[in-house]
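Some notes on the structure that comes next.
Every read-out reported here was derived from the displayed coordinates using simple, explicitly stated rules and does not represent laboratory data. Note that the coordinates shown come from a computational prediction; the quantities given were computed from them, not determined experimentally. Glycine gets a Cβ as well: all are built from the backbone with ideal geometry, and neighbour counts include every protein chain shown.
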Amino acid sequence: MESKAKSDFPLLAASGLSKSFGGVHAVNNAEIKVTPGSITGLIGPNGAGKTTLFNLLSNFIRPDKGKVVFDGEPIQHLQPHQIAQQGLVRTFQVARALSRLSVLENMLLAAQKQTGEKFWAMVLQPHVVAKEEKELKEKAMFLLESVGLAHKAQDYAGGLSGGQRKLLEIGRALMTDPKLILLDEPAAGVNPTLINEICDRIVAWNQQGMTFLIIEHNMDVIMSLCDHVWVLAEGQNLAVGSPTEIQSNSAVLEAYLGKSE
């Protein structure tokens, strides 16, 4: 009973979020909730404010007003790297990688609070640093195996396809041991075979306890993956419900699909 009560309490809850750019209300008094262990979807037409909302949740841009609570603590005053250290990490619509570093090196850079980052630890605790580096390499290789990129570990990240870069970005996020991952269009620009692979891996990670909030234009992906779907239109909440409820919502059909029942 205790675990169920915990699962019903939002891991992420944002309310009253607003952000304007030059008088344009990109996000206007929006709210969103994500429960632990869920795969939650965020959809809406182009220009609805989805990526802006992601940026507000992760504080890549500051809200004009509103509140974001993650794991029971307000986070809207924290810097993005501090939010990541709290366990909320994100990917980007255009996957980012350090092209001239290897895939493995990209993974290792994501590890949090490495002892070797401190000068005196390198001098006074070389054995501790060496042991930690070995463990991190093993962890990185395990995660690369889980995203299907272990065979690319020593290749330059710049040589990866767009879909492989998205898998690398998810792998890097997993290196931080996150509680929640915000995925910004994981299927965009990816071939259908790799889309299925990404979806299968998201489901597998979710079954292991990982929580996801996903922006995606591919409705097949959203409807097959998500437990709950939030809809934005013109920066405001339009609807929320199960995939089945969203698919039959006339306001969503009109705003998002351009037709009504």
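Given H placed 1.01 Å from N in the peptide plane, which residues other than close sequence neighbours of residue 233 have an amide H under 5 Å from its amide H?
Excluding prolines and chain starts, which carry no amide H, the hits are 238.
Choose one of 20, 136, 209: the residue whose Cα lies farthest towards the positive end of the charge dipole of the chain (beta-carbon charges +1 Lys, Arg; -1 Asp, Glu; about the Cα centre).
So the residue we want is 136.
Near the amide H of residue 76, under 5 Å away, which other amide H atoms are found, from residues 5 or more places off or on another chain, if H is placed in the peptide plane?
68
Explain nothing, just the number: relative contact order of the chain, from Cα pairs under 8 Å at least 6 residues apart, as a whole percent. Don't skip to the answer; put the middle values down first.
Values: 471 pairs, mean separation 68.2, N = 261.
So the answer I get is 26 percent.
Based only on other Cβ atoms within 10 Å, what is the fewest-to-most ordering of 35, 211? It would help to have the intermediate numbers written out before the result.
Working: 35 17, 211 21.
Going from least to most buried by this count: 35, 211.
What FRET efficiency, computed as 1/(1 + (r/R0)^6) with R0 = 30 Å and r the Cβ-Cβ distance, is obtained for residue 254 and residue 65, rounded to the nearest 0.05?
On the way: r = 29 Å, r/R0 = 0.96.
Efficiency, rounded to the nearest 0.05: 0.55.
Just to be sure I understand the model, the point goes 7 Å from the Cα along the line to the Cβ. What's the resulting residue 137 to residue 219 distance in nm?
In this crude label model, residue 137 to residue 219 measures out at 4.9 nm.
Distance between Cα centroids, region 181-209 to region 38-113: provide it in whole Å.
Cα centroid to Cα centroid, the span is 17 Å.
Mind listing the phi-derived Karplus ³J(HN,Hα) values for region 147-158, rounded to whole Hz, using 6.51, -1.76 and 1.60 with θ = phi - 60°, and x for any glycine or proline?
9, x, 10, 4, 6, 9, 3, 8, 7, 5, 4, x
How much length is gained on full extension from residue 242 to residue 9, taking 0.36 nm per residue of separation minus their Cα-Cα distance?
Result: 82.1 nm gained on full extension.
I want to check the label-to-label distance for residue 24 and residue 150. Put each point 7 Å from Cα in the C-beta direction and report it in nm to one decimal.
About 4.6 nm separates the two model spin labels.
Hey, which of these cross-link pairs are over 26 Å Cα-Cα: 139/166; 19/166; 137/166?
19/166
Using the Karplus curve 6.51 cos²θ - 1.76 cosθ + 1.60 with θ = phi - 60°, work out ³J(HN,Hα) for each residue of region 52-60 in order, rounded to whole Hz, and write x for Gly and Pro.
Here the 3J(HN,Hα) series is 4, 4, 4, 4, 6, 4, 9, 6, 5 Hz.
I need the phi-derived Karplus couplings for region 135-142: 6.51 cos²θ - 1.76 cosθ + 1.60, θ = phi - 60°, integer Hz, Gly and Pro marked x.
5, 5, 5, 5, 5, 4, 5, 4
In what order do 70, 92 fall by count of nearby beta-carbon atoms within 10 Å, going from fewest to most?
Working: 70 23, 92 16.
Listed from fewest to most nearby Cβ atoms, that is 92, 70.
Under a point-charge model restricted to the Cβ atoms of Lys and Arg (+1) and Asp and Glu (-1), what is the dipole moment magnitude of the chain relative to its Cα centre, in debye to the nearest 20?
Approximately 680 debye in magnitude.
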